[in-house]
Amino acid sequence: MKKITFLAAVLLTMIVWNVKACAQPIYIPADAFIPETTVPGNDFPKVDKQRRAYFRINAPEANKVVVDICGKKYDMQKGEDGRWYAVTDPLAVGFHYYFINIGGVNFIDPATETFFGCNREAGGIEIPEGPEGDYYRPQQGIAHGQVRSIYYYANSTNEWRHAMVYTPAEYENGKKSYPVLYLQHGMGEDETGWSKQGHMQHIMDNLIASKQAVPMIVVMESGDIKAPFRGGDNRQGRSQYGASFYKVMINDLIPTIDNKFRTLTDRDNRAMAGLSWGGHQTFDLVLSNMDKFAWIGTFSGAIFGIDLKTAYNGVFTNADEFNKKIHYMYMNWGSDDFIKSGDIVKGLQEMGIKVEGKQSEGTAHEWLTWRRGLNDFVPHLFK
């Protein structure tokens with residue numbers, strides 16, 4: 001009987017100790033700082049020098065709270081102050097979507113800025129790079145362009161649509177006309193992605209100010225790929241996901257931009273590029289409308305099941321003609337990406353097509369890969 005009593009006492013002590021241990025908030029190191037994506041006035045989320053992220057949320061009546069960041073889940077623990085805390089493993093530099101899950105339902109952390117991704121509004125956190133990331137940060141002492149929000153009516157689909165348009169700093173100061181880059185986001189994101197998650201306006205400003213790129217207008221539209229992919233045949237040129245955008249692009253968006261802005265309207269002054277499924281759309285649109293585009297780029301382009309000898313009515317089989325029409329073709333991907341374009345680049349080069357392929361080292365299917373791709377691509381345009 002004494003042994004049982006003693007054993008029970010030991011077990012009770014262990015349970016009490018574990019409960020108390022769980023009640024202690026996670027240790028936050030002194031070097032933890034508030035990242036740029038945290039809403040001003042909040043102390044969390046934070047990031048430490050080892051790139052671990054710290055989260056806190058007040059949910060006093062919750063029984064279980066989880067942080068879900070890029071699909072990896074971290075159980076939050078309740079502190080003595082009644083709030084829930086969590087710390088992640090070291091995260092890759094760059095941008096990450098995340099949610100707070102309470103009772104099985106994903107919520108946006110009220111302490112973070114919101115971004116459209118994962119087919120809905122989502123929280124996001126930026127794990128900062130060092131000085132190597134300055135190319136996508138605003139810089140002092142240079143001129144800055146504008147990102148405008150425009151609505152236009154698409155007769156092709158009988159609806160009002162929305163687009164974001166970057167104009168270079170000098171646009172306001174004269175009557176000059178400019179070439180245009182149509183830039184598409186990926187599946188489950190929207191027309192704000194390149195300016196919010198991608199920082200494209202800073203990339204453009206910095207390239208133009210350093211004279212690495214010519215001043216140009218950049219147009220970003222939703223592309224009808226905000227909703228989840230529903231499956232089906234997704235071979236190049238055949239998928240219906242986002243295909244409703246194609247007639248809008250040709251018949252409505254391009255004419256609207258040419259009408260509302262001072263643009264150079266010939267094919268030699270029109271480019272298109274896109275990330276992930278936006279890269280898929282770029283192939284479909286450019287290679288089916290070579291009378292309207294002369295420059296093409298993809299970043300982790302979602303290009304599957306393509307037969308280079310027959311795709312787009314055999315456009316790649318006559319390399320001399322293709323190389324005359326397309327002044328520059330570029331494809332990039334991350335070294336840890338689940339979508340790589342290396343085989344396509346190699347196959348095209350073997351057919352005599354002039355295409356540049358570049359791998360982003362240490363990055364995956366993420367905005368850092370695509371920021372690097374845009375930074376590489378733009379200096380080659382319209383020269």
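The values are calculated or read from the model by the stated rules, or taken from the named source; none is laboratory data. Being a predicted model, the structure only gives us computed values, none of them experimental. We place every Cβ from the backbone using ideal geometry, glycine too, and count neighbours over all the protein chains shown. Each accessible area value is taken on the protein alone, full model and side chains, heavy atoms only, with ligands, DNA and RNA left out. Shrake-Rupley method; radii C 1.70, N 1.55, O 1.52, S 1.80 Å.
Summary table below
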| item | result |
| --- | --- |
| Residue within segment 320-334 that is open to solvent by 10 Å² or more (accessible area, probe 1.4 Å) and free of Cβ contacts under 8 Å to residues at least 24 places away in the same chain present | yes |
| Filter result for I142 (assigned to a loop (DSSP other than H, G, I, E, B) and either on the phi < 0 side of the Ramachandran plot or open to solvent by less than 40 Å² (accessible area, probe 1.4 Å) (or both)) | yes |
| Members of segment 262-286 found to be aliphatic (A, V, I, L, M), under 19 Å from H327 (Cβ atoms) and open to solvent by less than 10 Å² (accessible area, probe 1.4 Å), listed by number | A271, M272, A273, L285, V286 |
| Members of segment 34-56 that are of a type outside the set (D, E, K, R) and either at pLDDT below 95 or out of contact with any Pro (no Cβ under 9 Å at 6 or more places or on another chain) (or both) | P40, G41, F44 |
| Hits in segment 288-315 - residues which are of a type in the set (A, V, I, L, M, F, W, C), without any contact (Cβ under 8 Å) to a residue 60 or more places away in the chain and open to solvent by less than 10 Å² (accessible area, probe 1.4 Å) | F293, A294, I296 |
| Residue ID - nearest to G274 (Cα to Cα), chosen from residues in segment 333-359 that are outside any helix (DSSP H, G or I) and among the β-branched types (V, I, T) | I339 |
| Matching option when the condition is of a type in the set (G, A, S), at negative phi and within 17 Å of the chain's Cα centre (by Cα), among S239, S177, S244, S222 | S222 |
| Residue identified as open to solvent by 20 Å² or more (accessible area, probe 1.4 Å), small (G, A, S) and farther than 30 Å from N259 by Cβ among G133, G103, G124 | G103 |
| Selection count where residues are over 14 Å from K46 (Cβ atoms), in a strand (DSSP E or B) and at pLDDT 95 or above, scope segment 78-93 | 1 |
